[in-house]
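For reference, the structure discussed in these notes is given below.
The values are calculated or read from the model by the stated rules, or taken from the named source; none is laboratory data. Treat the numbers as computed from the prediction; the structure is a model and nothing was measured. Note that each Cβ is placed from the backbone with ideal geometry, even for glycine, and that neighbours are counted across all protein chains shown. Accessible surface areas use protein heavy atoms only, side chains included; no ligands, DNA or RNA. Shrake-Rupley method; radii C 1.70, N 1.55, O 1.52, S 1.80 Å.
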Amino acid sequence: QVQLVESGGGLVQAGGSLRLSCAASGSSFSINVQGWYRQAPGKPRELVARILSGVTTNYADSVKGRFTISRDAAKSTVYLQMTSLKPEDTAVYYCHAMAGPYNYWGQGTQVTVSS
């Protein structure tokens, strides 16, 4: 079992920055993929960024060059640094982890970008 706890969401003006954190506990040693998804009202959940095997990173085209995902293995924590935020980045952001065949989700944190 893996537990994920997110923090760092909030309200920010367009052009601003936020950093999200996702701390993993439990069998965090078994995580091979960890990242962030987001879901805006009326839209499906979409991948934002992820780290595979602690090395390879993937980003959605819409956030490339603005968001950076990183991982502190010692703290079992993944970060999402978001810069140049746009109103269309407004969504609930969910931390996600895969450990073997199992998927785990955090409770979600709201990010609101005002224009």
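Details
- S115 touching a residue at least 24 places away in the same chain (Cβ under 8 Å) and either open to solvent by 40 Å² or more (accessible area, probe 1.4 Å) or touching a Ser or Thr at 6+ places or on another chain (Cβ under 9 Å) (or both): yes
- Every residue from region 88-107 that is of a type outside the set (S, T, Y), closer than 14 Å to G9 by Cα and open to solvent by 20 Å² or more (accessible area, probe 1.4 Å): V92, Q107
- Test for L80: is it part of a strand (DSSP E or B) and in contact (Cβ under 8 Å) with a residue 60 or more places away in the chain: yes
- Selection status of A74, open to solvent by 60 Å² or more (accessible area, probe 1.4 Å), of a type in the set (G, A, S) and within 23 Å of V5 (Cβ to Cβ): yes
- Scanning region 1-14 for residues that are hydrophobic (A, V, I, L, M, F, W, C), closer than 16 Å to T109 by Cβ and open to solvent by 50 Å² or more (accessible area, probe 1.4 Å) yields V5, L11.
- When the residues of region 15-69 are filtered to those that are part of a strand (DSSP E or B) and without any contact (Cβ under 8 Å) to a residue 12 or more places away in the chain, the one that is surrounded by the fewest Cβ atoms within 10 Å (Cβ to Cβ) is T56.
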